[in-house]
Amino acid sequence: MYIILAILLLAILIVVHEFGHFAAARLMRIDVREFAVGFGPKLIGWKSRKHETTFAIRAVPMGGYCSFYGEDDATGESKDDPRNFARHNVWKRMFVILMGPVMNFVLAFAVATVLIWCTGVTVPTEKEEYDPFIQEVLASGPAYEAGLKAGDQVVSINGKNMLDGTMDTLLNTISGWKEGDAPLAMTLNRGGETVETQVTPVWSEESKKMQIGVYINGYRRMKTVSVGFFGGIRESWNMCTNAGGAILRALKNLVTKGEGLEDTAGPVGIVSVISTEVKGQVQQGGAGAGASAFAQLLVLISINLGLMNLLPIPGLDGSRLVFGIIEAVRGKPVPAEKEAMVHLIGMGLLLAVMVFFTFRDVMRLFQ
């Protein structure tokens, strides 16, 4: 079920993106040859009598396209066809190309706004309170031997509540242990599961106090508040721009420093991440938490899809916009056959990259 939900999320993003191209083409009176959801063999298809557009649902639900007459015609056979995309005004064509990514941004903003109206926003509590957790476990020490892990939240020690809004209670309980006392009986929250363990502190000459070999940090306590109609719009804008900025910074670091290459994923990896995250949220917080996670992932991936398509990579919308700008500046287009060849080569390379990431994603699933 969660895999189906993940595929549905990707299908929504793809349909909205391609519908942006389709609706803009209709508005500009540019003929659309085919509007398809998915790739591969056609499962269902029909043809519009009025516009002679073929609509299709294809077997592989990992993509889609809105194709125009004469688009990527490397042979030039359709250059005299009055429906040829290249025969239309360059500004109209650029508008049609741009509206795909724009619709992804519009979708992200709309979903984020509705999500915030329904759930509110999370803000820090008026009183500065923290819930402590284990940030790092040293390779040798009592905590390591007791099985503590980074991310563990210490709920109680010897039956005493550690989640009282301060970090001092936990720190003082550990440092206050004395020789001869019973080991500290810890109750931990580990990813929603309760873990019981015992730890015996040791004396640290460096700090002159009892320690268990961990670094402790704290989560700032938050609360959810309603922000109203206009507040939801404002917070949605902030959410989308922050997400877009984070994606662009990650892309910059990937290109310039190679950072995050191991975290990249293809369609299979994305489906795995979405299904795992939604399932985890449902298990922890119920259907409402799962729906919220689904919406948040839709916002993030929709912005990501829109930005990636604007990159000037051959075969993507960004590259087609570059050719449109060149035509607008020069006053004449790049020869259609040459432009088509560039896009076809780019699509081939993108397909190869997708196959590589898909293979790697599948291997990760088996691991």
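FYI, it's all coordinate maths here, none of it is from the lab. Because the structure is predicted, anything quoted here is derived from the model rather than measured. Every residue, glycine as well, gets a Cβ built from its backbone with ideal geometry; the counts of neighbours run over all protein chains shown.
What FRET efficiency do you get for residue 160 and residue 81 if R0 is 56 Å and r is their Cβ-Cβ distance, rounded to the nearest 0.05?
Once rounded, the FRET efficiency stands at 0.10.
Taking N as the number of residues in the chain, what is its alpha-carbon radius of gyration divided by 2.2 N^0.38 Å?
So the chain has a normalised radius of gyration of 1.31.
Among 349, 148, 250, flag the residue with its Cα farthest along the positive direction of the charge dipole of the chain, charges on Cβ as +1 for Lys/Arg and -1 for Asp/Glu.
Of the options given, the answer is 349.
Test of understanding: in a Gaussian network model of the chain with alpha carbons linked when under 10 Å, which of 73, 81, 263 would top the mean-square fluctuation ranking?
In the Gaussian network model the winner is 263.
Treating only the Cβ atoms of Lys and Arg (+1) and Asp and Glu (-1) as charged, compute the dipole magnitude of the chain about its Cα centre; round to the nearest 20 debye.
The calculation lands at about 1440 debye.
Can you give me the span-like helices of the chain, meaning DSSP H runs with 30 Å or more of Cα extent along the axis and Kyte-Doolittle mean at or above 0.5? Don't jump to the answer; show the numbers that get you there.
On the way: long enough: 2-27 (37 Å, 2.01); 90-119 (43 Å, 1.68); 228-257 (42 Å, 0.14); 287-309 (32 Å, 1.42); 336-366 (45 Å, 1.17).
Those that clear 30 Å and a mean of 0.5 are 2-27, 90-119, 287-309, 336-366.
Give me the extension gain from residue 221 to residue 311: residue separation times 0.36 nm, minus the current Cα-Cα distance, reported in nm with one decimal.
Between residue 221 and residue 311, full extension yields an extra 28.5 nm.
Diagonalise the Cα gyration tensor of the stretch 130-223 and give the resulting equivalent ellipsoid semi-axes, square root of 5 times each eigenvalue, largest first, whole Å.
For the stretch 130-223, the ellipsoid semi-axes come out as 20, 14, 13 Å.
For the chain, build the charge dipole from Cβ charges (+1 Lys, Arg; -1 Asp, Glu) around the Cα centre, then report which of 76, 3, 167 sits farthest towards its positive end.
76
Treat the stretch 285-367 as a sphere of radius equal to its Kirkwood radius over Cα pairs and apply Stokes-Einstein at 37 °C in a medium of 0.692 mPa s; give the translational diffusion coefficient in µm²/s, rounded to a whole number.
After rounding, the answer is 209 µm²/s.
Report P(r) for the stretch 245-338: all Cα-Cα distances, bin width 10 Å, range 0 to the bin holding the largest distance, values in whole percent.
The calculated distribution, bin by bin, is 14, 31, 27, 19, 7, 3.
Between beta-carbons, use under 14 Å as the cut-off and find the net charge around residue 356, counting Lys and Arg +1, Asp and Glu -1.
Spelling it out: positives minus negatives among the neighbours equals 0.
Please give me the summed charge of the neighbours of residue 225: other residues whose Cβ is under 13 Å from its Cβ, Lys and Arg +1, Asp and Glu -1. The partial results should precede the final answer.
Values: positive: 223; negative: 126, 235.
Local net charge: -1.
What are the extents of the Cα atoms of the stretch 166-296 along their three principal axes, listed from largest to smallest and rounded to whole Å?
Cα extents, longest axis first: 57, 41, 29 Å.
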